[in-house]
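A short write-up of the structure that comes next.
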Amino acid sequence: MEQRAAKNDTRPSGGPRPARLHTQVARDIGLAILSGRLRPGHVLEGEIEASERRDVSRTVYREALKILSAKGLLRSRPRTGTRVSRIEDWHLLDPDLLGWLFSESPSPEVLHGLFELRSMVEPAAAALAAERRQRPHLERMRRALDDMAHHTLRKPEGRKADMVFHAELLSSTANPFVISLIKGVTAAVDALTEYKLRLARIDRDPVPDHFRVYDAIAAKDPEAARDAMIRLIRLAILDVPSQQRPRAPAARRDDAPFFA
């Protein structure tokens, strides 16, 4: 088996694995968990059997499980093996998990959950930013908006600028707990934008909506900033086709796959 592992891992000493095989394995298992094919509490097969079935080395398989464990999807215990974790342990705002969720058509529950999160966090953050922002925050937000207008969301540079704007807005709250949400919120913003682009559904220019938020923050008007962010998010929801538009999830069993 170790000879086979070495064969699968052939590469120059210290060099990267071609195609980062362990990340692909992690993605495949992660999608099975997120889709509900592997439910919380499910025990994964043994390392030898799993690596042979996937035609990868045991080292690659172990590294894939480490990735998933770090994202809260798996937990390992002596004598009980590796199990799928409870949903509340999943790091759902991890950029990789969001990317996996949106690699296919996300369920309405996923869309609803992300827009609901943004509606809870970002309007309040915008109001707080209007009270606490400093000149450097405004300068960085304005540069991001100019870049967003220049490149548009159809280009990677424009989407990056959009993420910078939202990151600076959260940063300007001066609240360390809100600031800790930057990576998750910006990953959600980017995932939703990429999804709408895939559907060719960004016909409306979102830059003016962002400028309304910026102007209210610059004017130190918390209520206007909150209202402008609420409007921005509502318009973003309307960019999603009506048949896939987020809706409140119905009551479900505890063992039902939330993301299927």
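Give all pairs with beta carbons closer than 6 Å in which a residue from the stretch 164-176 that is acidic (Asp, Glu) meets a residue that is crowded, with 22+ Cβ neighbours inside 10 Å; count only pairs at least 6 apart in sequence or on separate chains.
The qualifying pairs are Glu168/Met141.
What single numbered condition from (1) surrounded by fewer than 17 Cβ atoms within 10 Å (Cβ to Cβ); (2) outside any helix (DSSP H, G or I) fails to hold for Glu116?
Going through the list (1) surrounded by fewer than 17 Cβ atoms within 10 Å (Cβ to Cβ); (2) outside any helix (DSSP H, G or I), Glu116 breaks only (2).
Go through the stretch 1-19 residue by residue and tally those that are surrounded by fewer than 13 Cβ atoms within 10 Å (Cβ to Cβ) and either modelled with pLDDT of 90 or more or not aliphatic (A, V, I, L, M) (or both). If you could, list the steps in order and put the result at the bottom.
Restricting attention to the stretch 1-19, the residues satisfying the condition of being surrounded by fewer than 13 Cβ atoms within 10 Å (Cβ to Cβ) are 1-3, 6-7, 10-16, 18-19.
So of that shortlist, the ones also either modelled with pLDDT of 90 or more or not aliphatic (A, V, I, L, M) (or both) come out as 2-3, 7, 10-16, 18.
Selection size over the stretch 1-19: 11.
Determine whether Gly36 is surrounded by fewer than 20 Cβ atoms within 10 Å (Cβ to Cβ) and small (Gly, Ala, Ser). Reasoning before the result, please.
Values: surrounded by fewer than 20 Cβ atoms within 10 Å (Cβ to Cβ): yes; small (Gly, Ala, Ser): yes.
Here the answer is yes, as Gly36 does meet what is asked.
Could you list all residues from the stretch 134-154 that are part of a loop (DSSP other than H, G, I, E, B) and either of a type in the set (D, E, K, R) or modelled with pLDDT of 95 or more (or both)? Before you say what the answer is, go through the steps one by one.
Pass one, the stretch 134-154, residues part of a loop (DSSP other than H, G, I, E, B): 134, 152-154.
Result: Gln134, Arg154.
Scanning the stretch 173-193 for residues that are over 20 Å from Val207 (Cα atoms) and hydroxyl-bearing (Ser, Thr, Tyr), which turns out modelled with the lowest pLDDT?
If we take residues in the stretch 173-193 being over 20 Å from Val207 (Cα atoms) and hydroxyl-bearing (Ser, Thr, Tyr), then Ser180 is modelled with the lowest pLDDT.
Quick one: is Tyr214 hydroxyl-bearing (Ser, Thr, Tyr), surrounded by 15 or more Cβ atoms within 10 Å (Cβ to Cβ) and either at pLDDT 95 or above or more than 20 Å from the chain's Cα centre (by Cα) (or both)?
Details: hydroxyl-bearing (Ser, Thr, Tyr): yes; surrounded by 15 or more Cβ atoms within 10 Å (Cβ to Cβ): yes; either at pLDDT 95 or above or more than 20 Å from the chain's Cα centre (by Cα) (or both): yes.
Criteria met by Tyr214.
Here are the criteria: (1) in a loop (DSSP other than H, G, I, E, B); (2) modelled with pLDDT of 95 or more. Tell me which single one Glu157 does not satisfy.
Of the numbered conditions (1) in a loop (DSSP other than H, G, I, E, B); (2) modelled with pLDDT of 95 or more, the odd one out for Glu157 is (1).
Can you tell me which of (1) surrounded by fewer than 17 Cβ atoms within 10 Å (Cβ to Cβ); (2) within 15 Å of the chain's Cα centre (by Cα); (3) in a loop (DSSP other than H, G, I, E, B) is the one Ala174 doesn't meet?
Status for Ala174: all satisfied but (2).
The values are calculated or read from the model by the stated rules, or taken from the named source; none is laboratory data. Just so we're clear, the structure is a prediction, and the values are computed from it rather than from any experiment. Glycine also receives a Cβ, built like all others from the backbone with ideal geometry; neighbour counts cover every protein chain displayed.
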